[in-house]
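What follows is a short report on a single structure.
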Amino acid sequence: MAAEFGELFERMSQFLASAAPSGAWAPLAEMHETDDAHVVEAEVPGIKDEDIDV
């Protein structure tokens with residue numbers, strides 16, 4: 001059974017690596033356009049406004 005769990009762990013690791021190959025994190029975000037701006041609203045818990053650079 002340990003070998004089966006090892007194989008499952010390896011397959012899940014490969015799947016997760018293929019989903020984000022660079023290891024980059026992407027927050028949930030909504031985007032929309034107004035007459036004079038492009039607006040992006042993102043969920044970035046724990047990150048201060050001044051630490052965000054677009």
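Brief remarks follow.
- Solvent-accessible area of E33 with every protein chain in place, 1.4 Å probe, in Å² to the nearest 10: 130
- Probe 1.4 Å, all protein chains present, accessible-area order of L28, L8, largest first: L28, L8
- E10 - accessible surface, heavy atoms, 1.4 Å probe, Å² rounded to 10: 90
The values are calculated or read from the model by the stated rules, or taken from the named source; none is laboratory data. Predicted model only: the values in this text are computed from it and were never measured. Accessible surface areas use protein heavy atoms only, side chains included; no ligands, DNA or RNA. Shrake-Rupley method; radii C 1.70, N 1.55, O 1.52, S 1.80 Å.
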